[in-house]
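Trainee: Before we start, here is the structure in question, set down as structure tokens.
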Amino acid sequence: MEFLQYFGGVFEPVSFLLLLGGTVGGLILGATPGLSPTMAVALLIPFTFQLAPTQGLILLGAAYTSTVAGGAVSAILLRIPGAPANIATALDGNAMAKQGRAAEALHVSFLSSGIGGVIGVFLLIFLTPVLAKWALMFGPSHLFWMAILGVTVIGSLDSKSFVKGLLSGCLGLWLSMIGYDDIQGAQRFIFHDALTGGVSIITALIGIFAIPQVIEMLSAGRKRQDVSTVVVHKQPFLDSLKLTLSSVKSLSIGTTVGSFIGLIPGVGGQIAGLLAYDQTKKFSKDPESFGQGNPQGVIAAESANNAMVGPSLVPLLTLSIPGSPTAAVLLGGLLIHGIFPGGDLFDNHPDVIWTFINSMLIGQILMVIFGIWVAAYAAKVAQVPKAVMASAVLVLAVFGAYSVQQSMGDVYVMFVLGVGMYFLEKFGFSAAPLVLGLILGPIAEANFIQGSMIANAMNGPVEYFLMGPLNLFLIALVVASVGWSFFTTHRENRNSKEPGNA
Amino acid sequence: MNPSATSASDPSTASRVGHLVPASLVLALAAVVAWLSYTQEPASAFLFPRLIGTVMLALALWNFIRAAMGVSKVGQGIAVTTWLNIIPGIALMAVFVFFAAKYFGFYVASTAAFFLLYSGYDPAPHTALSSWVKRVVITAAFMGVIYALFTLLLKVQTPRGMFL
């Protein structure tokens with residue numbers, strides 16, 4: 001119960017104001033189609049430079065939590081999911097809104113998000129220290145394999161083509177090696193002056209997540225997007241509360257699926273929401289009502305995508321392996337503030353980490369309160385023209401990238417990576433493994449070099465890197481993640497070739 | 001929507017040539033990375049790059065062969081209309097980032113980039129005076145927020161260039 005000692009830190013005036021601002025701002029950003037939680041957190045990182053590590057993390061954590069929940073607003077009112085995690089919410093949420101039950105849909109959405117989120121954070125609180133102690137047993141060879149596992153799992157799961165997914169991960173690993181070598185100071189892959197200091201993680205994150213979305217927004221040209229919103233009629237809050245609390249089955253499925261998905265590196269909320277929705281529908285006595293405005297669909301999807309948030313930080317804080325693309329961006333935020341995840345994190349920075357985790361718990365409650373309050377206004381933000389949104393994100397990205405080191409070189413790198421990522425994504429490459437490769441590259445390389453030195457002093461690299469139960473277990477996981485992806489891709493290709501599937 | 005979430009899951013509508021172009025570029029990059037990793041000195045500083053470069057080259061070769069054989073399925077490619085829509089925007093952004101920000105000053109260039117991008121892609125009629133007034137007001141308001149955030153709050157010193 002160590003976390004209870006650090007609750008006071010959340011209520012310090014500046015920290016609490018940041019938590020409040022991050023929650024309300026995140027809800028509005030989340031409700032805005034085109035601004036994903038990942039991009040919102042990436043764009044916020046430059047604003048945390050001036051803050052103490054705890055305060056910076058509180059802001060990022062609040063934004064992460066509330067952007068996921070805020071995405072439900074546009075999903076329900078406009079049938080446009082604010083984020084991929086809210087796709088399943090739109091199915092029944094918008095149907096409810098069209099039946100004049102928009103307020104009820106918004107109430108159950110935020111209540112179930114809050115319940116799922118709180119359970120997810122409790123999992124984070126109780127699982128993380130246990131896993132962190134376990135992680136202390138890891139040597140350089142194990143940490144090397146863990147980093148490789150992170151890249152292969154995300155590369156395999158996030159992309160439909162496992163070759164392109166793994167290739168994206170390799171591109172990220174290569175980007176992480178640009179600049180001066182840490183040990184010998186040798187120049188590596190410096191093709192331009194802007195690359196002398198290497199590729200800054202924050203710069204890369206802003207470019208990779210913001211610029212492709214700017215270009216995507218421009219891709220429709222000057223076409224007017226007619227967005228029809230629905231009127232939100234008043235609904236007694238207590239009725240919604242009773243309905244949510246009585247939906248034990250949907251909440252249980254949602255939080256269980258969300259928590260489990262969150263613990264798997266790289267899977268993310270989109271899958272959590274859809275899987276929980278699907279399972280709730282299968283276990284329902286009235287599956288035909290799903291998609292027609294059944295609140296159980298909203299409850300399952302929203303409890304799942306917010307239950308995923310806490311557990312997605314468990315592998316991040318203990319093993320440096322993010323559980324979702326947004327968690328990968330959060331890892332960048334931790335590193336910027338000099339906080340290195342790992343087994344000794346809770347010994348070195350207990351105040352920072354516990355205050356951050358506690359703030360996520362309080363943030364879930366604030367998210368429910370403010371979510372219901374700002375939902376009606378947030379829907380208006382969702383109708384901001386794409387031309388304005390694209391211009392705003394571009395200028396924010398340029399200023400954000402420049403402010404990292406006050407260098408134009410960072411702005412060039414940000415833009416080139418962003419435009420490159422847009423084209424790569426159009427041909428099936430994926431941003432998440434690339435980012436993870438970039439973040440985990442230094443961890444993989446440092447442990448590879450350290451391991452090689454130890455191996456040279458012992459029985460050679462083969463025995464050090466490839467033998468031992470933990471090494472073999474991690475290698476088996478790497479092979480399994482690649483093998484599973486290869487198998488599913490092969491099966492999908494075969495199914496699509498069969499007559500009738502074309 | 002997050003493009004990373006959609007693009008990877010959409011069925012391919014890109015042609016074989018469409019897939020070959022990025023596959024060739026990635027292969028060329030992987031070849032350069034692998035070649036530099038094995039030829040640059042000191043060799044010990046390139047131990048890890050060699051490992052990654054080799055895996056990357058093998059994967060890039062595999063990807064190229066799949067693209068050449070026409071079995072590359074993932075990625076919807078870019079339609080001609082999309083190209084026509086995005087090229088002016090990308091060109092404007094490139095001028096802003098690589099030239100205008102440094103030579104005209106960060107704030108002047110950013111204001112111009114915001115206004116031009118917004119005006120260029122705004123569906124509202126270009127002939128109506130009220131649309132132009134609205135664009136000017138929104139641009140000024142947004143740049144005011146940016147100035148308050150970055151210059152007043154974060155104390156970021158931006159390049160001044162010719163103007164501001």
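Trainee: Which listed residue (B:96, B:152, B:21) has the Cα farthest towards the positive end of the charge dipole for chain B, taking +1 on Lys and Arg C-beta and -1 on Asp and Glu C-beta about the Cα centre?
Mentor: B:152
Trainee: How far is it, in nm, from the label point at residue A:344 to the one at residue A:52 when both lie 7 Å from their Cα along the line to the Cβ?
Mentor: 2.3 nm
Trainee: Same structure again: For region A:1-52 and region A:56-124, what is the centre-to-centre distance using only Cα atoms, to the nearest Å?
Mentor: Centre-to-centre distance over Cα atoms comes out at 17 Å.
Trainee: Through the Karplus equation 6.51 cos²θ - 1.76 cosθ + 1.60, θ set to phi - 60°, convert the phi angles of region B:73-79 into ³J(HN,Hα) values in whole Hz; use x for Gly and Pro.
Mentor: 9, 8, x, 8, x, 10, 6
Trainee: Can you find, among B:108, A:388, A:221, the residue sitting farthest towards the positive end of the charge dipole of the protein assembly as shown, where Lys and Arg contribute +1 and Asp and Glu -1 at Cβ?
Mentor: Farthest along the dipole direction, towards plus: A:221.
Trainee: How big is region A:40-110 by the Kirkwood estimate over distinct Cα pairs, in Å? Mind showing how you got there, number by number?
Mentor: Working: mean 1/r = 0.0765 Å⁻¹.
About 13.1 Å for region A:40-110.
Trainee: Which of the lysines could a cross-linker bridge to residue A:164, judged by Cα under 29 Å and excluding same-chain residues fewer than eight apart?
Mentor: A:426, A:497, B:73
Trainee: For region A:67-200, what is the per residue volume of the convex hull drawn over the alpha-carbon atoms, in cubic angstrom? Walk me through the numbers on the way to the answer.
Mentor: Details: hull volume 22.5 nm³, N = 134.
Cα convex hull per residue, to the nearest whole number: 168 Å³.
Trainee: Give, rounded to the nearest 20 debye, the magnitude of the charge dipole that chain A has about its Cα centre when Lys and Arg contribute +1 at Cβ and Asp and Glu contribute -1 at Cβ. List each step's numbers first, then the result.
Mentor: On the way: 22 positive and 24 negative charges, 312 e Å.
In debye, rounded to 20, chain A gives about 1500.
Trainee: Let me ask something additional. Taking 8 Å as the Cα distance limit and 6 or more residues as the minimum spacing, I'd like the relative contact order of chain A as a percentage. Kindly include the intermediate steps, with their values, before the conclusion.
Mentor: On the way: 1004 pairs, mean separation 146.2, N = 502.
Computed over chain A, the figure is 29 percent.
Trainee: Tell me the chymotrypsin sites (Phe, Trp or Tyr not before Pro) within region B:98-164 that lie in a loop according to DSSP and have at most 15 other beta-carbon atoms within 10 Å. Walk me through the numbers on the way to the answer.
Mentor: Details: sites: B:98, B:99, B:103, B:104, B:106, B:107, B:114, B:115, B:118, B:121, B:132, B:142, B:147, B:150, B:163; in loops: B:104, B:163.
The qualifying sites are B:163.
Trainee: For the protein assembly as shown, I need the span (max minus min coordinate) of the C-alpha atoms along each principal axis, in Å, sorted largest to smallest.
Mentor: 72, 64, 59
Trainee: If you don't mind, there's one more thing I want to ask. What's the Cα-based Rg to Rh of region A:315-394, Rh via Kirkwood?
Mentor: Here the Rg-to-Rh quotient is 1.12.
Trainee: Per the Kirkwood definition applied to all pairs of different Cα atoms, how many angstroms is the hydrodynamic radius of region A:228-353?
Mentor: Details: mean 1/r = 0.0617 Å⁻¹.
Final number for the Kirkwood radius of region A:228-353 is 16.2 Å.
Trainee: In what order do A:408, A:360, A:1, A:367 fall by count of nearby beta-carbon atoms within 10 Å, going from fewest to most?
Mentor: Details: A:408 19, A:360 26, A:1 6, A:367 29.
Ordered from fewest to most neighbouring Cβ atoms within 10 Å, A:408, A:360, A:1, A:367 come out as A:1, A:408, A:360, A:367.
Trainee: If each Cα of region A:424-498 is one equal point scatterer, what is log10 of I(q)/I(0) from the Debye formula at q = 0.11, 0.13, 0.22, 0.28 Å⁻¹?
Mentor: Treating every Cα as an identical point scatterer, log10 I(q)/I(0) equals -0.48, -0.63, -1.09, -1.20.
Trainee: Per-residue Cβ counts within 10 Å, from other chains only, averaged over B:89-101: what number is that?
Mentor: Values: counts 10, 7, 0, 3, 12, 3, 0, 5, 13, 5, 0, 0, 6.
Mean partner-chain Cβ count within 10 Å for B:89-101: 5.
Trainee: Same structure again: Listing A:92, A:344, B:122, A:278 from the residue with the fewest other Cβ atoms within 10 Å to the one with the most, what is the order?
Mentor: Sorted ascending by nearby Cβ count, the order is A:344, A:278, B:122, A:92.
Trainee: Here's another thing I want to ask about it. With θ set to phi - 60°, apply the Karplus curve 6.51 cos²θ - 1.76 cosθ + 1.60 along region A:90-106 and write out the HN-Hα couplings as whole Hz, x wherever there is a Gly or Pro.
Mentor: 5, 4, 9, x, 5, 5, 4, 4, 5, 8, x, 10, 4, 5, 4, 4, 5
Trainee: For all pairs of alpha-carbon atoms in region A:23-69, what percent lies in each bin of width 10 Å, listed from the first bin to the last filled one?
Mentor: Bins of 10 Å from zero give 32, 54, 14, 0 percent of pairs.
Trainee: So, one more: When the Cα centres of region A:315-332 and region B:141-157 are compared, how far apart do they sit, in Å?
Mentor: 30 Å
Trainee: Step through the residues of region A:421-438 one at a time and calculate ³J(HN,Hα) from phi using the Karplus curve (6.51 cos²θ - 1.76 cosθ + 1.60, θ = phi - 60°), rounding each to whole Hz and writing x for Gly and Pro.
Mentor: Rounded to whole hertz, the list is 5, 4, 5, 4, 4, 5, 10, x, 7, 10, 6, 4, x, 5, 5, 5, x, 5.
Trainee: State the dimensionless ratio Rg/Rh of region A:296-432 (Rg: radius of gyration of Cα atoms; Rh: Kirkwood radius). Don't skip to the end; give the middle numbers.
Mentor: Numbers: Rg = 18.4 Å, Rh = 18.2 Å.
We get a ratio of 1.01 for region A:296-432.
Trainee: Using Stokes-Einstein with the Kirkwood hydrodynamic radius over Cα pairs, what translational diffusion coefficient do you get for region B:7-164 at 10 °C and a viscosity of 1.306 mPa s, in µm²/s rounded to a whole number? Show your work: numbers first, answer last.
Mentor: Numbers: Rh = 20.0 Å.
It comes out at roughly 80 µm²/s.
Trainee: If you take the alpha carbon radius of gyration of region B:55-141 and divide it by 2.2 N^0.38 Å, what ratio comes out, to two decimals?
Mentor: Details: Rg = 20.0 Å, N = 87, 2.2 N^0.38 = 12.0 Å.
Taking N as the residue count of region B:55-141, the ratio is 1.67.
Trainee: Also, quick follow-up: When you look at the Cβ of every residue in A:165-172, what mean number of other chain Cβ atoms sits within 10 Å? Display every interim value, and only then the final one.
Mentor: Numbers: counts 3, 6, 11, 4, 4, 12, 8, 1.
Whole-number average of other-chain Cβ neighbours for A:165-172 is 6.
Trainee: In chain A, which longest range has no chymotrypsin sites (Phe, Trp or Tyr not before Pro) that are both DSSP loop (not H, G, I, E or B) and surrounded by at most 13 other Cβ atoms within 10 Å?
Mentor: Values: sites that count: A:11, A:191.
Longest gap between qualifying sites, sites excluded: A:192-502.
Only the coordinates and a few stated rules stand behind these numbers; no lab work does. Just so it is clear, the structure is predicted and the values come from calculations on it, not from any experiment. Don't worry about glycine lacking a Cβ; one is built from the backbone with ideal geometry, like all the others, and counts go over all protein chains shown.
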